[in-house]
Structures are given as structure tokens and as C-alpha cells.
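Enquirer: Below is the structure I would like to discuss, written out as C-alpha cells.
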Amino acid sequence: MYLENTVSKPPTINFYGKANNYKMFGYCSLLANTGPNSITVIKKGKIIVEFEDIEDNNIVKDTYHLYIPPLLCSGITVGKRLINYYNHLVVQSVNQGTTAVIKFNPDKRGAFASLIGLNQKTFPDYSKGFIIPSNLININSVTLEHKITAKEKDHLISIEGEWTDHISFNKVRYWSSEEHKLPYLQKHVTILPSDSSLREDVKVFKEGNLDEAQKLKEEYEQIQRTDRELRKKKKLA
């Protein structure tokens, strides 16, 4: 997995990862909206996953586009601090022409309901959704807003679970955190020349020369701003 911070404002990360039967790549920009007691993080960009499986001795390929929902961190100043997704996660299969829509915390109660003691029956990380034909959903790739025209009879598969623990399709559990542990990640001996650990300001900072590190950091930022303006002129931003 390779990650690189390519734009400072808004913070934008380009990434590329490869495994045995799939690869993922794209970029993601982070936008934050602050409230009196919360921070909402919105991820915009292109997140693409390409699978290459073998079925009946034939290579089967499929490409998926992911639209990540906002992340809400509440309890910043008062109350219990919680982090959870809200709204919908949308995953579109290019080859199969189907789209998965997953709603996070669908049973969340409003502030008034909580005040009068109406607590929800499911955990905040509970999620529920369905798979439908892609022609029954319209997605704005810029704002990430979407409109679903599908009815319940159009649902091809039902989805249910808790995104931190397990997920089921048509009530059959396909993944759980108990059965599928994260593999041990080992850092490469060789790294990209653009890796942040090789930046001159980072090296000087580790040596304790804060004034020189700040000066070098500002020089890097000026280079990034210049590059951004050049991309705008070439309509590549």
C-alpha cells in the first residue's frame, strides 16, 4: 500500500494498494465542518477497487466505485465522545450493473426522543441496506448526493450487520471480526523517494532545529501552492 499527501488544502491523499486478487487506487480529499460539540469529516474523491478472481478456470474481473459517507465525531466538548459514519455508503459494480446501498445507524433517535427517554433498540454501529440494479440510483460524483428510485420489490439482496463486527447478505453471515483478523503489516525496506519521512523539514525537526524545520516546511508548502495553480491553469485540479 502506497500513500502520498499530494495537496495540503484541502488535505488530499493519493493511494495505490495491491493484493493477491485485487488492487485499489484513487485519491481522497478531506473536508471538515465543525459544530459546537462535533466535527463532521467529508471524504470526496475517487476510490476504485478492481478484483480479478478465477471461476471455473476463467479469469473474472470486476471494478467497484466506492462513495464513502461522512464521519461524525460527537462529544468534542460535552458528553461521551463517539465516532460513527452516518448517511449511506454506496458501492457500484461496473461489470455487474448493480449497486449496494448501506445505511449507517438507521434507527438513530433525535435529540427530542432521547430527552423523553425513547432510546433506540440497535447499537450505533448497526447498519442495514440492499443491493439494487444501478439504473435505479443516480449519484452526483461531485456532491455525492444520490437519489434512489428503487422500491422494496427491486431489492436483489438484503444487507444487515454492525460495521465494526459483522455483515450478512440475505441473513447469511459472510464476514465477522472474529473469523477474519487483520494480517500483520510489515513496512517495506525500500520506500518511495517522496515518502514524508525523507522530507528535509522532518529530518531537521527530529534533530531539534525547530526554526530551520519551520522555514523548510514553508518552502514545501509554497511549492505545493504553485503546483496547485499550475494544475488549475491546465484544468487538471
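The values are calculated or read from the model by the stated rules, or taken from the named source; none is laboratory data. As the structure is a prediction and not an experimental result, all values here were calculated from the model. Every residue, glycine as well, gets a Cβ built from its backbone with ideal geometry; the counts of neighbours run over all protein chains shown.
Enquirer: Does Gly26 meet the test of being assigned to a loop (DSSP other than H, G, I, E, B) and not basic (Lys, Arg)?
Expert: no
Enquirer: Here's something else I'd like to know. Can you tell me which residues in segment 33-45 are surrounded by 13 or more Cβ atoms within 10 Å (Cβ to Cβ) and at negative phi?
Expert: Of everything in segment 33-45, those that are surrounded by 13 or more Cβ atoms within 10 Å (Cβ to Cβ) and at negative phi turn out to be Asn37, Ser38, Ile39, Thr40, Val41, Ile42, Lys43, Lys44.
Enquirer: Filtering segment 139-170 down to residues that are among the charged types (D, E, K, R) and over 20 Å from Asn105 (Cβ atoms), which residue is modelled with the lowest pLDDT?
Expert: Lys147
Enquirer: Right, next: Can you pull out the residues in segment 3-24 that are among the hydrophobic types (A, V, I, L, M, F, W, C), within 29 Å of Lys61 (Cα to Cα) and touching a residue at least 24 places away in the same chain (Cβ under 8 Å)?
Expert: Once the filter is applied, which keeps residues that are among the hydrophobic types (A, V, I, L, M, F, W, C), within 29 Å of Lys61 (Cα to Cα) and touching a residue at least 24 places away in the same chain (Cβ under 8 Å), segment 3-24 yields only Met24.
Enquirer: Being aliphatic (A, V, I, L, M) and modelled with pLDDT under 80 narrows it down to one residue among Leu185, Leu136; which is it?
Expert: Leu185
Enquirer: Is segment 186-194 home to any residue that is in contact with a helix residue (DSSP H, G or I) (Cβ under 8 Å, 6 or more places away or on another chain) and over 30 Å from Phe130 (Cα atoms)?
Expert: yes
Enquirer: Assess whether Lys61 counts as being part of a strand (DSSP E or B), loosely packed, with under 14 Cβ neighbours inside 10 Å, among the basic types (Lys, Arg) and touching a Gly at 6+ places or on another chain (Cβ under 7 Å).
Expert: Considered against the rule, which asks whether it is part of a strand (DSSP E or B), loosely packed, with under 14 Cβ neighbours inside 10 Å, among the basic types (Lys, Arg) and touching a Gly at 6+ places or on another chain (Cβ under 7 Å), Lys61 comes out as no.
Enquirer: Pairs only if they're at least six apart or on different chains, beta carbon under 7 angstrom, first in segment 200-219 and without any contact (Cβ under 8 Å) to a residue 40 or more places away in the chain and basic (Lys, Arg), second in a helix (DSSP H, G or I) and surrounded by 14 or more Cβ atoms within 10 Å (Cβ to Cβ); list them, first residue then second.
Expert: Filtered contacts from segment 200-219: Lys217/Asp201.
Enquirer: Checking Lys103 against (1) part of a loop (DSSP other than H, G, I, E, B); (2) charged (D, E, K, R); (3) at pLDDT 90 or above, which test does it fail?
Expert: The number of the failed condition is (1).
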